[in-house]
Amino acid sequence: MRSAALFILLAATALAADWRDQAVLDLSKTPNALLHPVPVRAVTLQTGFWKSRQDVTIQSSMPTLLTLLEEHGVVDNFRRIAAQSNYTPRRGPLYTDSDLYKWIEGAAWSLHARPDPKLEATIDKLVDEILAAQEPSGYLNTWFVEEREPLRFKQMNSGHELYCLGHMIQGAVAYYRATGKRKLLDGGIRFADYLLKDFGPAPKRALLTGHPELELALTELYRVTGKRAYLDLAGYLLSGVEKDRLKLRPRDTQYMFSGIPFTSREQFEGHAVRALYAATGAADYWLETGNPQYKQTLDRLWTDLVTGKVFVTGGVGSRASGEAFGDSWELPNRQAYTESCASIASLIFNQRLLAGSGDAKYTDIMERALYNGINSGMSLDGTLYCYRNPLATGPGEKIRNPWYDTCCCPPNLQRTFTALGGYFYSTSKDGVWVHLYDNTTMDWRLESGAALKLETRSGQPFQGNVELTLSPAKPEEFTLHLRIPAWSLNTKVLINGQPAGAVARPNSYLALKRVWKGGDRVTMELDMSTHLVRANPRVPENYGKAAVQRGPLVYCLEQSDNGTTPVSDVALNAQGGFKVETGDARLGGATVLRHKGRAWQPSLASEPLYGFAVPKPAAEADLTFVPYYTFHNRGASAMTVWIPLLP
Ligand code: FUB
Ligand code: ZN
């Protein structure tokens, strides 16, 4: 008894005491992380684009989704186990536990940004109810109980037991980092330790993540606790050594993106969320171990992603069947699957690769996903969600819904938006990095230990102005790494009103090294020209078409703005400028674009399917473009991102 108490005490002291200083990813001791994210709580989002999205998440989306989770029995699924009577039957598919864990994670990150005792009390209560369902062994899953108990770890391809544990650990880590409360974390540790005892390389029982997720959670658990066995377990899961013991077929390992050595992967394939979560876990594993084979595989997969498998909106996943990646350049518009979770997975995959390199090419993909294919996932009022984020819809096609029985995307969006402060800045040995521009205040420190306050003011994503004011505690030499986005072809940078004297190359970080002192100001003018984006001609659907991009935002045509001519009957003039109109009140103040085009009249619907000449669009058309993330916020009208281009 005494030794058990001593063990608990030792375990308790093993956690780092600096929970307040830990970022979304605590890379402070990670050997291969060049960049270290700044904690969420150290960054205040001031009035601006992302604050308004975060406000909607915290004030509207979080409470309404909790009500829906309650109404659909997701919390009762835990309560009924502790009640041990005919409380209520279990409801929902086998992965609902993860939805509540993700909701808790979202709520926890929001506490970093904005302390809220009422919300904290709500989380505390949920945590107690969750833990009351945990078995003394540490096992916890509301599906594999009662008559399904004998099936535990027997349906690992599809069972989602480890997926749910992964989300439990991530929710627990976020809550610990928000409050210092370790109850849920201890629950996660108990379950992870239960796995360590019985599962692993032979002679232990084999383990497999049928839906990867636990890999990244275990790495973060290692970062919080310092216990190497969690990282080793992640390595074991990624090693794919159990293919033969578990009799996995190639089609299983392809779909799950697990079960064979991660380092043998040649391309992204199978279920998009599974594949990108696996790659994210592998990137974490590489950051911690430096294993070069992992790095080579990650580079190979990243190239595969960006050369043929990511949509212009940052969305990922081309096929509804198997929620899967397609072949390279298979990027359909209306049929695009582009699950919100897959765009988020791409964001966090690239986040790890950025931390390991400081290369802006990763931030470019992150930004594309964040402003477009992720941002579209939650309606402007925070009550409707996209599971799919297609690049075209027909009239009346309902993409936004308040609830999905497979409710993975809504809380995934929430945890992303509430943690947003953690994506803006990093530190490195030589200074500080600014990845995204908005109105934010960073109150943190350099890695030398010197305090640094950094105010950023910007009209992004609608305007190109950026102004940074630095306030180091005392004059200090360090490098300010400013991201020059790929879309900003001409960027002006001034330091205290004088040219910075360095070339601001698109898609790079501009390194400004000097002795910085209180009140130093850097101003930038990002190039907000509107671009017509062309797809590689190998993308069959988009041959001869263009998409419209201004700053980080991809635009679309919605029927509701474009009169009675169907948006599938219009073409775009390559010549002539776009008229920029700021502050559309119907779209939360977004900038809309107007441009001249042509329309087919009569409608193409009345033209024959085949002929010897292409009909010409003859009528003049005034086209109105709105940011893609706002689509279907005024009802389900036809929408398209890619538009035929006139010569
Ligand atoms: O497999 C259940 C859910 O479906 C997962 O949470 C997501 O990856 C989604 O594809
Ligand atoms: Zn999802």
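Nothing in this text is a laboratory measurement; each read-out follows from the coordinates by a stated rule. Quick caveat, the model's predicted, so the values are computed rather than measured. In this analysis, Cβ positions are derived from the backbone assuming ideal geometry, glycine residues included, and neighbour counts consider all displayed protein chains.
A few notes on this one:
- Of Lys243/Lys309; Lys227/Lys429; Lys154/Lys197; Lys29/Lys227, pairs whose Cα-Cα distance is over 22 Å: Lys243/Lys309; Lys227/Lys429
- Mean Cβ count within 10 Å, highest first, over the residues of peptides 380-390, 410-420: 410-420, 380-390
- Radius of gyration and maximum dimension Dmax of region 404-540, Cα, Å: 17.5, 57
- DSSP-assigned coil residues among trypsin sites (Lys or Arg not before Pro) in region 179-260, each with at most 13 further Cβ atoms within 10 Å: Lys204, Arg245, Lys247
- For region 555-613, the list of chymotrypsin sites (Phe, Trp or Tyr not before Pro) that fall in a loop by DSSP and count at most 12 other C-beta atoms within 10 angstrom reads Tyr610, Phe612.
- Radius 14 Å from Cβ of Asp359, net charge of other residues (Lys, Arg +1; Asp, Glu -1): +2
- Cα coordinate range in region 530-646, projected on the principal axes (Å, largest first): 46, 30, 25
- The chain, relative contact order [Cα under 8 Å, separation at least 6], %: 13
- Region 448-520, Rg to Rh (Cα coordinates; Rh as Kirkwood inverse mean 1/r): 0.97
- Less than 5 angstrom separates the built amide H of Val310 from none of the residues sequence-distant by 5 or more or on a different chain.
- Among Asp584, Asp569, the ranking by other beta carbons within 10 Å of each residue's beta carbon, starting with the fewest, stands as Asp584, Asp569.
- Cα-only radius of gyration and Dmax that characterise the chain, units Å: 24.9, 89
- For region 123-129, Karplus couplings with θ = phi - 60° (6.51, -1.76, 1.60), whole Hz, Gly/Pro x: 5, 4, 5, 4, 4, 4, 5
- Whether region 72-152 is rounded, prolate or oblate, judged on the alpha carbon gyration tensor where a/c under 1.5 counts as rounded: prolate
- The chain: calculated mean residue ellipticity at 222 nm from DSSP helix runs of at least 4, using -39500 (n - 2.57): -10000 deg cm²/dmol
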